[in-house]
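A short reminder: the numbers here are calculations on the coordinates, not readings from a lab. Owing to the predicted nature of the structure, the values given are computational and were not obtained by experimental measurement. Cβ sites come from the backbone with ideal geometry, for glycine too, and all protein chains shown count toward neighbours.
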Amino acid sequence: MVIVRTVEALQKAKKELNGSIGFVPTMGALHQGHLSLIQQARRENDTVIVSVFVNPTQFLEGEDLDAYPRREEADTKICEVAGVDILFMPTIEQMYEKDELCIGAPAIRGYILEGEKRPGHFDGMLQVVMKLLNLSSADRAYFGKKDAQQLALITQMVRNYFMDVEIIPCEIVRDENGLALSSRNAYLSAEEKERALCLSRALKRASKMVMAGEFDVDVIKAQMLEVLQEADRVEYVAIVDRSFKALKKVEIGNTIILVAAWVGKPRLIDNIWI
Ligand code: PAF
């Protein structure tokens with residue numbers, strides 16, 4: 001595995017490559033969820049590039065940019081064992097210059113749900129993903145469905161800017177109790193981790209209701225909110241179609257049910273695709 005920290009070194013390393021490139025962008029603190037993306041990229045491509053970059057432009061004022069877990073040594077080992085070819089770990093100076101040209105999230109889809117609660121987050125996320133996709137020259141790039149709205153916006157960016165890369169959505173990885181894996185789970189105490197399970201329980205309740213024939217979004221949301229009482233604060237429960245339009249009735253094969261809630265220090269998100 002080659003570790004590169006500059007754009008120049010990455011461009012140089014890429015010159016040696018033949019065949020397809022699979023790319024997994026991350027902010028580090030790698031866990032089983034990231035590993036499953038890397039493994040899929042490994043199976044489907046000749047070369048795998050992983051980036052580890054805690055992108056400052058997607059954190060809002062007062063969010064956890066400084067506290068965000070950084071585990072460079074462990075991340076390097078995980079990538080090595082997973083058969084990554086190139087690990088790109090740039091500095092902020094390598095990635096950004098002052099007075100940058102910016103990319104904006106779309107006016108509606110980019111400013112609901114996560115975009116409403118974290119205004120500006122998606123602008124910064126799209127900006128860095130555009131840079132990383134260009135730098136990697138990937139044929140395929142792998143993103144988890146846990147960040148469902150992020151995935152939808154990246155797919156839209158690739159479509160709107162005619163970028164020559166296939167975006168591959170990957171399944172959510174959960175721990176043995178059902179908690180969706182996230183680097184921010186590291187902030188949870190044992191008691192909070194137990195309460196955090198209410199997110200996946202609420203989604204399971206919703207999915208059971210749909211399977212039993214209940215399609216009314218308001219009825220499902222009300223039941224989910226009951227289960228979510230264990231959270232410290234629920235930010236939203238939403239039932240949308242795959243293009244993030246709000247639904248009145250669940251549409252089988254075209255629905256995403258999402259939840260965002262605070263449990264202790266972290267704000268957690270989770271979803272299921274129906
Ligand atoms: O999902 C993430 O970890 C980040 O938003 C990403 C896609 C690596 C961009 O910084």
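Between the C-alpha center of the stretch 102-122 and that of the stretch 40-100 there is a gap of 22 Å.
Other residues within the sphere of radius under 13 Å centred on the Cβ of residue 222, judged by their own Cβ, net out at -2 (K and R +1, D and E -1).
With the dipole of the chain worked out from charges on the C-beta (+1 for Lys and Arg, -1 for Asp and Glu) around the Cα centre, which of 239, 57, 165 lies farthest toward the positive end? Value: 239.
Angle check, please: helix 217-227 long axis (alpha carbons) against the longest principal axis of the chain (alpha carbons), in degrees 0 to 90, nearest 10. Relative to the chain, helix 217-227 is tipped by roughly 90 degrees.
Diffusion coefficient (Stokes-Einstein, Kirkwood radius over C-alpha pairs, 4 °C, 1.567 mPa s) for the stretch 136-269: 81 µm²/s, rounded to a whole number.
Using the rule -39500 (n - 2.57) for each DSSP H run of four or more residues, divided by the residues of the chain, the 222 nm mean residue ellipticity is -11500 deg cm²/dmol. Volume of the convex hull of the chain (Cα atoms only), normalised per residue: 133 Å³.
Select from 207, 137, 189 the residue whose mean-square fluctuation is largest in a Gaussian network model of the chain (Cα-Cα springs shorter than 10 Å). Taking springs between Cα atoms under 10 Å, the residue moving most is 189.
Using the number of other C-beta atoms within 10 angstrom as an exposure proxy, rank 6, 57 with the fewest first. Spell out each step's value before the answer.
Values: 6 14, 57 18.
By the 10 Å Cβ count, ascending, the order reads 6, 57.
Taking a threshold of 27 Å on the Cα-Cα distance, which of the pairs 131/248; 131/193; 146/248; 145/221; 131/204; 221/265 fall above it? As for pairs spanning more than 27 Å Cα to Cα, those are 131/248; 131/193; 131/204.
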